[in-house]
């Protein structure tokens with residue numbers, strides 16, 4: 001079994017390994033740019049470095065959200081992260097303000113009673 005090595009970026013050579021699949025990120029990037037008012041079926045070019053940068057940005061985002069949710073879990077004297085811990089992280093950290101409406105919208109339907117009151 002191959003163990004993951006730390007993420008490194010070097011100019012002129014491949015970076016990696018990546019926690020998120022680069023092909024999937026590139027596919028999402030192409031799909032999201034096609035819906036911005038451009039001609040239907042228009043193909044977009046994406047440089048080789050862009051998915052690598054997006055992959056790293058996603059890793060950092062998930063790590064920070066996880067850290068904040070874990071802090072909420074420890075406040076509740078538990079060892080398992082629940083959706084209300086993620087909701088508390090979104091509520092408490094200004095960086096995640098853009099997610100507040102999403103968490104509130106899904107919170108009522110998913111059973112997060114009072115998580116973002």
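Quick note: the coordinates plus some simple rules give every number you see, no bench work behind them. Since the structure is predicted, the reported quantities are computational estimates derived from the model, not experimental observations. Methodologically, a virtual Cβ is constructed for each residue, glycine included, from the backbone with ideal geometry; neighbour enumeration extends over all protein chains shown.
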Q. Just from the alpha-carbon atoms, what are the Rg and Dmax of region 51-101 in angstroms?
A. 11.8, 38
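Which of 93, 53, 103 comes first, and how do the rest follow, when ranked by fewest Cβ neighbours within 10 Å? Write out the running numbers ahead of the final one.
Values: 93 17, 53 13, 103 21.
So the residues, fewest neighbours to most, are 53, 93, 103.
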